[in-house]
1. In segment B:66-96, what residues are of a type in the set (A, V, I, L, M) and under 18 Å from the mean Cα position of the chain (by Cα)?
2. Which condition from (1) touching a residue at least 60 places away in the same chain (Cβ under 8 Å); (2) within 14 Å of the chain's Cα centre (by Cα) is the one that A:Glu169 breaks?
3. Give me the residue from segment B:81-136 that is touching a helix residue (DSSP H, G or I) at 6+ places or on another chain (Cβ under 7 Å), closer than 28 Å to A:Asp155 by Cα and among the hydrophobic types (A, V, I, L, M, F, W, C) and, out of that set, farthest from the other protein chains (Cβ to nearest Cβ).
4. Please go through segment B:21-38 and pick out each residue that is more than 14 Å from every other protein chain (Cβ to nearest Cβ) and surrounded by 12 or more Cβ atoms within 10 Å (Cβ to Cβ).
5. Kindly indicate which of B:Thr41, B:Thr70 is farther than 17 Å from B:Ile160 by Cα, hydroxyl-bearing (Ser, Thr, Tyr) and surrounded by fewer than 14 Cβ atoms within 10 Å (Cβ to Cβ).
6. With respect to the numbered conditions (1) surrounded by fewer than 16 Cβ atoms within 10 Å (Cβ to Cβ); (2) outside any loop (DSSP other than H, G, I, E, B); (3) more than 14 Å from every other protein chain (Cβ to nearest Cβ); (4) among the small types (Gly, Ala, Ser), which one is the sole condition not fulfilled by A:Gly306?
7. Could you list, in sequence order, the residues of segment A:322-356 that are over 21 Å from A:Glu301 (Cα atoms), modelled with pLDDT of 80 or more and within 14 Å of another protein chain (Cβ to nearest Cβ)?
8. Please find, among B:Tyr84, B:Tyr18, the residue that is surrounded by 12 or more Cβ atoms within 10 Å (Cβ to Cβ), within 30 Å of B:Ser146 (Cα to Cα) and either touching a Cys at 6+ places or on another chain (Cβ under 6 Å) or not assigned by the TED database to the domain that holds B:Glu167 (or both).
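The values are calculated or read from the model by the stated rules, or taken from the named source; none is laboratory data. Only a predicted model underlies this, so the values are computations on that prediction, with no experimental measurement involved. Here the Cβ is made from the backbone with ideal geometry for all residues, glycine too, and neighbour counts use every protein chain on show.
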Amino acid sequence: MVATAATSSFFPVTSSPDSSDSKNKKLGSGSTNLGGIKSKPSASFGSLQVKANAQAPPKINGTTIVTSPVEGFKNEDGAGSPHPRTFINQLPDWSMLLAAITTIFLAAEKQWMMLDWKPRRPDMLIDPFGIGRIVQDGLVFRQNFSIRSYEIGADRTASIETLMNHLQETAINHCKSAGLLGEGFGATPEMCKKNLIWVVTRMQVVFDRYPTWGDVVQVDTWVSASGKNGMRRDWLVSDSKTGEVLTRASSVWVMMNKLTRRLSKIPEEVRGEIEPYFMNSDPVVAEDSRKLVKLDKSMAEHVRKGLTPRWSDLDVNQHVNNVKYIGWILESAPLPVLETHELSSMTLEYRRECGRESILQSLTTVSDSSVGDLVNVGEIECQHLLQLEEGSEIVRGRTQWRPKYAKSFGNVGQIPAESA
Amino acid sequence: MRKLHLIWVTARMHIEVYKYPAWSDVIEIETWCQNEGRIGTRRDWILKDVATGEVIGRATSKWVMMNEDTRRLQKVSDDVKEEYLVFCPREPRLAFPEENNKSLKKISKLEDPVQYSRLGLMPRRADLDMNQHVNNVTYIGWVLESMPEEIIDTHELQTITLDYRRECQRDDVVDSLTGPELVEGSKIHGTNGSATAITREDDLDCHQFLHLLRLSSDGQEINRGRTEWRKKPT
């Protein structure tokens, strides 16, 4: 109908039914049938209740616009939503007005684009301030980020730190918008009462393609149970324009008493708070079951000593932020690897936290390099250890690197003449 | 500019923050550039809280043109100027229109002996830009590294002015020095023949400091700065 045609030019990615099907397929590694997940009863979900293949009504300047009649859907305030049947009868006039507004807006945008300093951002109209929203039966949180000029590295692609910060930000925002945030970061109200906090124990990330300056990435995140007393958080990062998958990540969390610093089972009250949000899909990154080796100095080919946290590396609790550890690990990777290769995947095990006064060292060893077959020509694998100078282990890791620009060399089987 | 191998380099940066935004606040930044005398250009910013419309900060910066091969400053020729002036507002407009505002204040050089210091700072890989030079923002971090902890823990940065003198490269090691700024007109009285001055530290809510970043190796100045701190709002 006319209204849908006009609005789909306005919101090209999201209002057509086809695109939401492809989104369903993306979540979980292909083996999840999201249609089969039963709708959880709405605890205190945040403000929206949506069906799997409908989009939250977009708002322009505070007015809610209904793009197509959807059964059983409520808008945000639950107020003033007209009965679908009556509304359809009124559509023709509304669509003309909308078409006129669209034309004016697109004309203005065209003028901006000619000056080439304002990138076109249709997604801004849906989530104008980029604070993210709950989608998909209330279980998935989605937020877009544009890649800023100060977030890219020397080769103009987004830095690992930038991408990891997106994962952290969406995780916290998910908890916040689901009403699961007690005081402080990431602890539910019941957890706060019992002095419990989540701590990450394991992180696996696969970098399929790095976004560049000006790209807008869409980050989807959700949680599932992990064993009896753990939680898994998954992320799927895609290019908001093309839908191409850029990054996949999976993390495992356990509960710890923040006073005793001992691990804890999940108490029943907390289980009641968080279980309604568990999606229980398969992990988005298949678990890398190879054990992570503990390096010692005799094995390490590269050692970087004297790493100390800067004042700006500390989080709200005066602890070094998880993302900084990754920076230190990469800091000590051999320079020839960093110059010619990009990180394709990493697996990290978090053993112990460190604070401001810690002095750390980062050890790296290169595993058998370039033993891959034609598909994995030039791939390098490294083992890492980040430890306090007096020996306590902070993080253990394994990274895989592929030659930069490997993807642009086309078909499998073609050996590039020279790696960049 | 590219044809002539010219690049812009920051000469001075002055930022005032009246109210710090918090997580999930939305702020709006307005920025524009304009001609500044014969050798430079200025870029100004105004930061506003979108929810309340109030101005939460202002900033101004001065840029000069440098030849990237000779690393020497160069006057801006008219045709280069015209290329970018097209994008600048026609009417002169300043983020700091008031007379004698702090953005114009001269910064004295901090002399030894210095009260606070943090020595041996080295650029991390993440601090380097595409040209292997230390990014401007990293300097601000280094300047703050030598601030005394008693101030950093209880106060927030209200104003910072930085004069960029010399660029810093990957293998350079830098010392960060900080000392209280003596207020003009403060009394100097001697005790046992040595001069001391009353500083504004007597005023517990506001503190002013001078800063110097210099190469560890030969003491050459990289940049100098001035900061003002106010007590954190409770």
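1. Across segment B:66-96, the qualifying residues are B:Leu94, B:Ala95.
2. (1)
3. Restricting to residues being touching a helix residue (DSSP H, G or I) at 6+ places or on another chain (Cβ under 7 Å), closer than 28 Å to A:Asp155 by Cα and among the hydrophobic types (A, V, I, L, M, F, W, C), the top hit is B:Val134.
4. The answer is B:Gln34, B:Asn35, B:Glu36.
5. So the residue among B:Thr41, B:Thr70 that is farther than 17 Å from B:Ile160 by Cα, hydroxyl-bearing (Ser, Thr, Tyr) and surrounded by fewer than 14 Cβ atoms within 10 Å (Cβ to Cβ) is B:Thr70.
6. (3)
7. Across segment A:322-356, the qualifying residues are A:Val323, A:Lys324.
8. Among B:Tyr84, B:Tyr18, only B:Tyr18 is surrounded by 12 or more Cβ atoms within 10 Å (Cβ to Cβ), within 30 Å of B:Ser146 (Cα to Cα) and either touching a Cys at 6+ places or on another chain (Cβ under 6 Å) or not assigned by the TED database to the domain that holds B:Glu167 (or both).
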